[in-house]
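Okay, structure first, notes after.
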Amino acid sequence: MRHTPDLPKRLTDLTPVVIVGTALWLVALVVLFFTSEGVWVQTCVAGIALGFIGFGIIFWQRAAARRGSKSAQRL
């Protein structure tokens, strides 16, 4: 059986995806704050909050991998 090579780190690292997604929600919040009100502004705030939760999960998984936890995702 042939060994499948691992993907490059730049294709498996989730940090840039979370950074870009959170930044886009922040830009949308600034634009909508001055042009709209109500549910759209709240949606942007929720998107930013979920981005920070994503950062927390990434750092939590990396800490678990560093300490050798068997259930941690290896990146």
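The values are calculated or read from the model by the stated rules, or taken from the named source; none is laboratory data. Because the structure is predicted, anything quoted here is derived from the model rather than measured. Note: ideal-geometry Cβ built from the backbone for every residue, glycine included; neighbour counts use all protein chains shown.
Scan the range 23-56 for residues that are among the aliphatic types (A, V, I, L, M), under 11 Å from the mean Cα position of the chain (by Cα) and surrounded by 13 or more Cβ atoms within 10 Å (Cβ to Cβ) and the total you get is 2. What are the pairs with Cβ atoms under 6 angstrom where one residue, in the range 1-25, is in contact (Cβ under 8 Å) with a residue 24 or more places away in the chain and the other, located anywhere, is part of a helix (DSSP H, G or I) and of a type in the set (G, A, S)? Sequence gap at least six, or different chains. Cβ pairs passing all conditions: V18/G51; V18/G54; G21/G51; T22/G51; W25/G47.
Given the residues A28, A46, A63, which is the only one that is in a helix (DSSP H, G or I) and closer than 20 Å to D13 by Cα?
That would be A63, the only listed residue that is in a helix (DSSP H, G or I) and closer than 20 Å to D13 by Cα.
Of all the residues that make up the range 66-75, how many are more than 18 Å from the chain's Cα centre (by Cα) and not in a helix (DSSP H, G or I)?
4
Pick from the range 1-17 the residues that are part of a helix (DSSP H, G or I) and among the aliphatic types (A, V, I, L, M): which of them is modelled with the lowest pLDDT?
Among residues in the range 1-17 that are part of a helix (DSSP H, G or I) and among the aliphatic types (A, V, I, L, M), the one modelled with the lowest pLDDT is L11.
If you filter the range 2-17 down to residues that are hydrophobic (A, V, I, L, M, F, W, C) and surrounded by 11 or more Cβ atoms within 10 Å (Cβ to Cβ), you find that the one that is farthest from R62 (Cα to Cα) is V17.
Applying the set (1) of a type outside the set (S, T, Y); (2) at pLDDT 95 or above; (3) surrounded by fewer than 12 Cβ atoms within 10 Å (Cβ to Cβ); (4) in contact with a Leu (Cβ under 9 Å, 6 or more places away or on another chain) to V20 leaves exactly one unmet item: (4).
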